[in-house]
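S.K.: Quick one: the structure is below, and I'll ask about it shortly.
The values are calculated or read from the model by the stated rules, or taken from the named source; none is laboratory data. Just so it is clear, the model here is predicted, and its values are computed rather than measured. Backbone-built Cβ (ideal geometry, glycine too); neighbour counts: all protein chains shown. Areas reflect the complete protein model, heavy atoms only, side chains present, ligands, DNA and RNA absent. Shrake-Rupley method; radii C 1.70, N 1.55, O 1.52, S 1.80 Å.
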Amino acid sequence: MKYGYFDDAKREYIITDPKTPVKWINYIGTLAFGGFVDHTGGALICKADPALNRITKYISQMPASDFKGETLYLRRHTSGEYCVFSPFFVPCLAPYERYECHVGLGYTRIVSTIQGIESDVTIFVPRGSAREVRLVKVTNRSDQAVKLDAVPVVEYTHFDALKQLTNADWVPQTMQSQVHNLEDGRILLLQYAFMRRDTGINYFTASLPASSYDTDRKKFLGENEYGTWANPLSLQKAELSNSVAQRGDNIAALLAPMGVLQPGESCELVTQLGQEASLELALADIERFNRPQQCRQAMAELASFWDSYLEKQQVETPDAALNSMLNIHNPRQCYTTLNWSRYLSLYQLGYGSRGIGFRDSAQDVMGVLAAAPADAKALLVKLLSVQKPDGSAMHQFNPLSMIAEVGDSAERDDRPHYYSDDHLWGVLAVCAYIKETGDMDFLNKEIQYYSKSEPKSGTVLDHLCRAVGFTRQDSGQHGLPRLGFADWNDTINLATGAESLLSACLYGQALRELIDLCGLIGEPDKAEQFAVWYDEMSAQVARHAWDGDWYISYIDADGALLGSHHNAAGQIYAYGQAWPVIAGFASEAKARQALDSVYRMLNTRCGIKLSAPGFQGFDPSKGGITTYPPGAKENGGIFLHVNPWVIIAETLAGGGERAYAYYLQINPANKNDLMEEYECEPYVYPQNILADEHPQFGLARNSWLSGTATWMYQAGTQYILGIRPTYRGLLVDPCIPAAWDGFKAQRSARGAKYFIEVRNPQHVNKGVAAVEVDGKPLDGNLIPYFVDGAQHQIVVTMGE
Ligand code: GLC
């Protein structure tokens, strides 16, 4: 079963059947203003804070056919009545002759033909602007003249998104609308919660004159809301009722007559939805996007943003689905996670003021370094400023207020109030940023600590040293780092005193990065000290964490092992095998053995499971992992985030065939024909897929906002294709399927542009026999950073 197809030349995925198994969404704008649009035109729009400044009411749990946030109705005048439908299919569900939803980069375009009326609607947020624009073009494709009206509608939410759902007394008493007449018969509808009247006003307007309007949902739907969104009773009357809501469920509906369209004739309409502090500020900018031509210009600017974002790295391999992901969809998803972290999606609903996670954003940063280094740096500064003086980090924070919290750990007095991994991701992210940009000055930048006591601040380097210092002094009985409330796996919540192998490996990898960095910046004492710490941890891992065929993952406070062949459930964890390899703790033999165990025990045709076998029932002594049935999420599900770690480890161990097979089996583009089982968008990675212990094996959920995006991008570009920034140069060290003759890539780094051609005449998986830079042979495979703004031709020949 298929719901659409990829159009790589246009950088779009085109949905041709609106009845997808779940809504397929796309992101527009940025966290500063924007949100997501579903493929039937519904939209969840926020300004800066999805929890506390939400604009449209989009309740994702309601049935797919429901009105969600926004829509457009068209009505055709026929003798004696009106024929009403939505060009977005939802909420009227009228039969269509044609339906296409173009999921583009930063825009969604819905093209449909219903009853001979073609609509072409482009939905986007212009770059640098705080408004959602919908550019609508309606064309009469029938052979008779038709008289048409357009009725765009928005449903507002209270700005406090959770309050909207929990309080039906206060919320409706605060909601108010106003009407403001613009030139030429156009109308601007204003909406606010009373307390925001002078600070935050939502507005909605259309470029055509409006003959009437409604702002009260009750009036628009009619008969005390026994009229429905599918059939609003007001649309059967000549005009809307011009309701000006002083309470209740506020909407913005405008009736814009399009007049009589002759066969072949078109009419265009632009709508704008935004929020400003005052009417004056709203008015100031409306005329800038009022005309279709202005919107097309803004669309061109959006396209050029994406041109420059994507051109930093483009690849051409024998695998079309891999090219499509690495060139378009995966970097776009990385930009999305950078912006929205885990804040706002169809699945992560952004209620409350939880904010964004330290570990999540630190990893997200690593996926955009070449394309958006300034955004990455800005987020790194925020992250480091919620690190505590002891080196550990606050688990989550609101990026606007910068108020940080300890996360779920707050619920248990008898447990640690930190996570043993958060701060270590910060080290990896900063080092990756420096490798990409060479911005050594950043290390000297003074950044505050999250504390009122001393030290109040320190340099970035100081932050990094304190991070590894924290883990160093926080080891348990076996010398491994103590598990915090959890480590990366949020759902392993063991009694205080447990130890975590993953934290040991993250610590090891952070130390390796710092050893190298300190060597480079003339801090040999630090480099030496970190080398001693690294060796110590390496020895502890070798002594306590090997289980015979693979690595164990935890030792609980009583000394019992988790992730051991002795366990009935949770015998083996995938990240517990990948990370000792990535951190360099595993010998060659153990690396191979551990990775072979992953293949044997955790691999399925839909991806690698996080762990196996699943726990069969709730066990509070293990924590969150046992809240899921076996095969779901962290309890033995295919948790995609860990797949790229295994892929990276395989490439480090030379496993080019398996790394690629693992890549292939979770590439969403390859699921396009498997939608009866998979269900989610084929153009982004989901967070999880149900595994083979679950009756719905293969079902994906929680698409878009997952660390899978950054790590699959890193795994694909830096480890399979092997183009990897280091402090000293661009390493080219591919680990590819032997069948490939080679591949090409373009990569910008530190101002220069590298055209890289990799040849694989001997059909090996790994190994570089010769490198030529601009026609001259190079010793080794570390391409120097030229920093000359010029183009360079690199030819890499793989071989023994
Ligand atoms: C979710 C969380 C992430 C965590 C992962 C594994 O993706 O956002 O922070 O590491 O689950 O539990």
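S.K.: Given the options Pro209, Gly106, Tyr226, identify the residue whose Cα lies farthest towards the positive end of the charge dipole of the chain (+1 on Cβ of Lys, Arg; -1 on Cβ of Asp, Glu).
M.R.: Towards the positive end, the residue furthest out is Pro209.
S.K.: What's the extension gain from Ala32 to Leu664 if we count 0.36 nm per residue and subtract their Cα-Cα distance?
M.R.: Result for the pair: 224.0 nm of gain on full extension.
S.K.: Sticking with the crude label model, points 7 Å out along Cα→Cβ, report the distance from His566 to Asn231 in nm, one decimal please.
M.R.: Taking the simple label geometry, His566 and Asn231 are separated by 6.8 nm.
S.K.: To the nearest 0.05, what FRET efficiency results for Tyr82 and Met62 with a Förster distance of 22 Å applied to their C-beta separation?
M.R.: In this case the efficiency is close to 0.25.
S.K.: State the volume of the convex hull built on the alpha-carbon positions of the chain, expressed per residue in Å³ and rounded to an integer.
M.R.: 169 Å³
S.K.: Now a separate question. Work from the charge dipole of segment 283-356 (Cβ charges, +1 for Lys and Arg, -1 for Asp and Glu, about the Cα centre) and give the residue of Gln313, Gly355, Ala284 farthest towards its positive end.
M.R.: Comparing the listed Cα positions along the dipole, Gly355 ranks first.
S.K.: Could you name the aspartates and glutamates whose alpha carbon sits less than 13 Å from that of Lys435, not counting residues in the same chain fewer than 8 places away?
M.R.: Answer for Lys435, where 13 Å is the Cα cut-off: Glu513, Asp516, listed by chain and number.
S.K.: Still on this structure, please answer the following. Lys and Arg at +1, Asp and Glu at -1: add these up for the other residues within a Cβ distance under 10 Å of Cys83 and post the number.
M.R.: Every neighbour counted, the sum reads +1.
S.K.: Which lysines have a Cα less than 25 Å from the Cα of Lys633, not counting those fewer than 8 places away in the same chain?
M.R.: Within the straight-line limit of under 25 Å, Lys633 reaches these lysines: Lys23, Lys609, Lys622, Lys671.
S.K.: Three principal axis extents, largest first, for the C-alpha atoms of segment 376-422, in Å?
M.R.: 36, 20, 16
S.K.: Under 15 Å from the 7 Å Cα→Cβ point of Asp169, by amide nitrogen: which residues of segment 333-354?
M.R.: Answer for this model: none.
S.K.: Along the Cα→Cβ direction, 7 angstrom out, place labels at His763 and Arg197. What is the inter-label distance in nm?
M.R.: Here the answer is 7.8 nm between the modelled labels.
S.K.: Which order, highest average first, do 619-625, 336-342, 421-427 follow once you tally other Cβ atoms within 10 Å for each residue and take the mean per peptide?
M.R.: Ranking, from highest mean packing down: 421-427, 336-342, 619-625.
S.K.: If you don't mind, another one. For the pair Ala739 and Glu223, how long in nm is the line joining their label points, each one 7 Å along Cα→Cβ?
M.R.: The modelled label-to-label distance comes out at 6.2 nm.
S.K.: Quick one: check the C-alpha center-to-center distance for segment 107-138 versus segment 650-686, whole angstrom.
M.R.: What the calculation gives is 32 Å, centre to centre.
S.K.: Taking a probe of 1.4 angstrom, what is the accessible area of Glu657 in Å², to the nearest 10?
M.R.: Accessible surface of Glu657 is approximately 90 Å².
S.K.: Could I ask something else about it? Is the shape of segment 281-368 best called rounded, prolate or oblate, per the rule: a/c under 1.5 gives rounded, else a/b larger than b/c gives prolate, else oblate, with a ≥ b ≥ c the square roots of the Cα gyration tensor eigenvalues?
M.R.: Taking the square roots of the gyration eigenvalues as a ≥ b ≥ c, segment 281-368 is oblate.
S.K.: Give me the dipole magnitude in Debye, nearest 20, for segment 333-459 about the Cα centre, with unit charges on the beta carbon: positive for Lys and Arg, negative for Asp and Glu.
M.R.: Dipole magnitude for segment 333-459 comes out near 160 debye.
S.K.: Follow-up. For segment 391-424 and segment 311-328, what is the separation of their C-alpha centers, rounded to whole Å?
M.R.: 37 Å
S.K.: Here is a further query. Remind me, what semi-axes does segment 437-578 give for its equivalent ellipsoid, largest first in whole Å, using sqrt of 5 times each Cα gyration tensor eigenvalue?
M.R.: Over the Cα atoms of segment 437-578, the semi-axes work out to 31, 17, 13 Å.
S.K.: For Val260, put the label point 7 Å out on the Cα→Cβ axis and report which residues of segment 77-105 keep their amide N under 19 Å from it.
M.R.: It comes to 77-83, nothing else.
S.K.: Turning to a different aspect of this structure: With charges only on Cβ, +1 for K and R and -1 for D and E, what is the dipole size of segment 513-628 about its Cα centre, in debye, rounded to 20?
M.R.: The dipole of segment 513-628 has a size of about 680 debye.
S.K.: Give me the percent of accessible area attributable to carbon and sulfur for the chain, probe 1.4 angstrom.
M.R.: So the carbon and sulfur contribution to the accessible surface is 50 percent.
S.K.: At 1.4 Å probe size, with every protein chain present, just tell me what the per residue accessible area of the chain comes to in Å².
M.R.: I get 35 Å² per residue for this part.
S.K.: May I ask for the percentage of alpha-carbon pairs in segment 400-496 that lie more than 20 Å from each other?
M.R.: Counting pairs separated by more than 20 Å, the tail of P(r) holds 48 percent.
S.K.: On to the next question. What is the extension gain from Ser308 to Phe618, computed as 0.36 nm multiplied by their sequence separation minus the C-alpha to C-alpha distance, in nm to one decimal?
M.R.: Stretched out fully, the Ser308 to Phe618 stretch lengthens by 106.7 nm.
S.K.: With a 10 Å radius around each residue's Cβ, average the other Cβ atoms per peptide and rank 789-800, 712-723, highest first.
M.R.: Top to bottom by mean Cβ count within 10 Å: 712-723, 789-800.
S.K.: Exactly which trypsin sites (Lys or Arg not before Pro) in segment 243-322 are in a DSSP loop and have at most 15 other Cβ atoms within 10 Å?
M.R.: Arg247
S.K.: Using the C-alpha gyration tensor of segment 684-745, what are the square roots of 5 times its eigenvalues, in whole angstrom, with the largest one first?
M.R.: The equivalent ellipsoid of segment 684-745 has semi-axes of 31, 16, 9 Å.
S.K.: Hey, another quick one. How much mean residue ellipticity at 222 nm does the chain get from its helices, if each DSSP H run of length 4 or more adds -39500 (n - 2.57) and you divide by all residues, to the nearest 500 deg cm²/dmol?
M.R.: The helix-only estimate for the chain comes to -8000 deg cm²/dmol at 222 nm.
S.K.: With just the Cα atoms defining each centre, how far is segment 545-572 from segment 431-505? Give it in Å.
M.R.: The distance from the Cα centre of segment 545-572 to that of segment 431-505 comes to 25 Å.
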